[in-house]
Amino acid sequence: MNVLGIETSCDECAAGVVADGTRILSNVVATQIPIHAVYDGVVPEIASRTHTEWICRVVTEALAQADLSPAQIDGVAATAHPGMLGSLLVGLSFAKGFAWSRGLPFIAVDHILAHLYASRLAPSEENPPEYPFLGLLVSGGHSIICRVDDFDSLTILGTTIDDAVGEAFDKVSKHYGFGYPGGAAIDALAQRGDPEAFAFPKPNLYKGAHRYDFSYSGLKTAVINQLEQFRKKQNTGPEDLAAAFQKTAVEILLRGLFRAAEDTKLSVIVCGGGVAANSYLRSRLADQPALRCIFPGLDLCGDNAAMVAGLGYQYLVRGERSPLNVPAFPRVRAFKRRYP
Ligand code: KG4
Ligand code: ZN
């Protein structure tokens, strides 16, 4: 079964075709990064307008790269939430129109579940983990530690109480002029830096309801407030600041994650989202003999439509369909939240 997936929740205009939920036939991601880079952040109005201009060509290209005609598509999936409403609506509406015009089954999917599905796409993962497992979803908009019981069932255990981890990378990078988007720029700089050159705080939210939660606003402010010190400090460069920030940001995540692994006795961790591309996070988790940590390939960490098509397939084979009036929704929704 060939499913066409469409993803426009933020600034990537993406379409892809996946066969039988795992085999990627095409995965086209047209990024708007250069358009938003001049503003050092995504401008929602510009993003949705650009999706409107690009979506037709991106879907056409995804079909061409898959070497399929529209008649060879068996179902359509699109991201409906969470994301920027104006952007979501472009891909969602296009997908509905495509499905309706060809009489195809249509399914609206969740972006968070799609990121967690990405590592099940071949060739990333030939031996997909059994459910349940722990999920670590880290991106520009979300930072979530969760228990995943099935492709459509997720319980949030912990999350950020303020900024998302990717957002902290982006804001630190913007402040120091390291580049946009910040995550990849800081990761590249940090390769040559000394992570011990600066000491940054790791806020403790240990107790009760906040056992797995974390906060990034304090770290972000601390790093930004070091600017003067950074300028004065001899023998340190931007790469040291990047390495120290990156290490602290990842350790904050890992503290909650390891605690959740211990408490839930779940030893398989599946990661997803743009920050899952981070080299320090990947190497730290590769270094845990008691845990099996699974990452999508680097090209499947950030926003893409193959993960949407793959996840959509799972609903479609189960016979589920979304009505053509299903709405887009900007916020995280429909997940249980449970604390131990
Ligand atoms: O999943 P994604 O493409 O979009 C959202 O759903 O938000 O994630 C984008 C985020 C950005 O904040 C970007 O700076 C971050 O992922 N990112 C990284 C790396 N590559 C991308 N953060 C840390 N290290 C990286 N290598
Ligand atoms: Zn995303």
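The values are calculated or read from the model by the stated rules, or taken from the named source; none is laboratory data. Quick caveat: nothing in here was measured; it's all calculated off a predicted structure. Every residue, glycine as well, gets a Cβ built from its backbone with ideal geometry; the counts of neighbours run over all protein chains shown. Surface accessibility is based on the protein's heavy atoms, side chains included, excluding ligands, DNA and RNA. Shrake-Rupley method; radii C 1.70, N 1.55, O 1.52, S 1.80 Å.
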Any idea which residue in the range 202-229 is modelled with the lowest pLDDT, counting only those that are touching a helix residue (DSSP H, G or I) at 6+ places or on another chain (Cβ under 6 Å) and open to solvent by 10 Å² or more (accessible area, probe 1.4 Å)?
-> 203
Considering 9, 48, 26, which residue is of a type in the set (Ser, Thr, Tyr), assigned to a loop (DSSP other than H, G, I, E, B) and in the same structural domain as residue 97 (by TED's automatic domain parsing)?
-> 9
Please indicate, with yes or no, whether at least one residue in the range 2-18 is farther than 19 Å from residue 326 by Cα and surrounded by fewer than 16 Cβ atoms within 10 Å (Cβ to Cβ).
-> no
Can you name the condition, by its number, that residue 57 falls short on among (1) part of a helix (DSSP H, G or I); (2) under 28 Å from residue 119 (Cβ atoms)?
-> (2)
Go through the range 292-319 and give me each residue that's without any contact (Cβ under 8 Å) to a residue 12 or more places away in the chain and within 10 Å of residue 118 (Cα to Cα).
-> none
Does residue 254 meet the test of being in a helix (DSSP H, G or I), open to solvent by less than 10 Å² (accessible area, probe 1.4 Å) and either closer than 16 Å to residue 77 by Cβ or free of Cβ contacts under 8 Å to residues at least 12 places away in the same chain (or both)?
-> no
Among (1) open to solvent by 40 Å² or more (accessible area, probe 1.4 Å); (2) on the phi < 0 side of the Ramachandran plot; (3) more than 16 Å from ligand 1 (Cβ to nearest atom), the one test that residue 184 misses | (3)
Residue 105 fails exactly one of the following numbered conditions: (1) under 15 Å from residue 6 (Cβ atoms); (2) within 16 Å of ligand 1 (Cβ to nearest atom). What is the number of that condition?
-> (2)
Positions within the range 296-340 being touching a strand residue (DSSP E or B) at 6+ places or on another chain (Cβ under 9 Å), farther than 18 Å from residue 106 by Cβ and either at pLDDT 95 or above or not in a loop (DSSP other than H, G, I, E, B) (or both), in sequence order | 299, 300, 301, 302, 303, 304, 336, 337
Any pair with Cβ under 6 angstrom, 6 or more apart, that starts in the range 1-29 at a residue that is closer than 13 Å to residue 77 by Cβ and ends at one that is of a type in the set (Asp, Glu) and buried (at least 21 other Cβ atoms within 10 Å of the Cβ) | 7/303; 14/7
Of the residues in the range 23-48, those that are modelled with pLDDT of 95 or more, among the hydroxyl-bearing types (Ser, Thr, Tyr) and open to solvent by 50 Å² or more (accessible area, probe 1.4 Å) come to 31
Could you tell me whether any residue of the range 119-126 is open to solvent by less than 10 Å² (accessible area, probe 1.4 Å), more than 14 Å from residue 322 (Cα to Cα) and at pLDDT 95 or above?
-> no
Condition set open to solvent by 70 Å² or more (accessible area, probe 1.4 Å) and outside any helix (DSSP H, G or I), scope the range 273-295, selection nearest to ligand 1 (Cβ to nearest atom): answer is 287
Do you know which of the residues in the range 30-45 that are under 22 Å from residue 93 (Cα atoms) and in contact (Cβ under 8 Å) with a residue 12 or more places away in the chain is farthest from ligand 2 (Cβ to nearest atom)?
-> 45
Being farther than 18 Å from residue 28 by Cβ, under 19 Å from the mean Cα position of the chain (by Cα) and open to solvent by less than 10 Å² (accessible area, probe 1.4 Å) narrows 99, 80 down to just 80
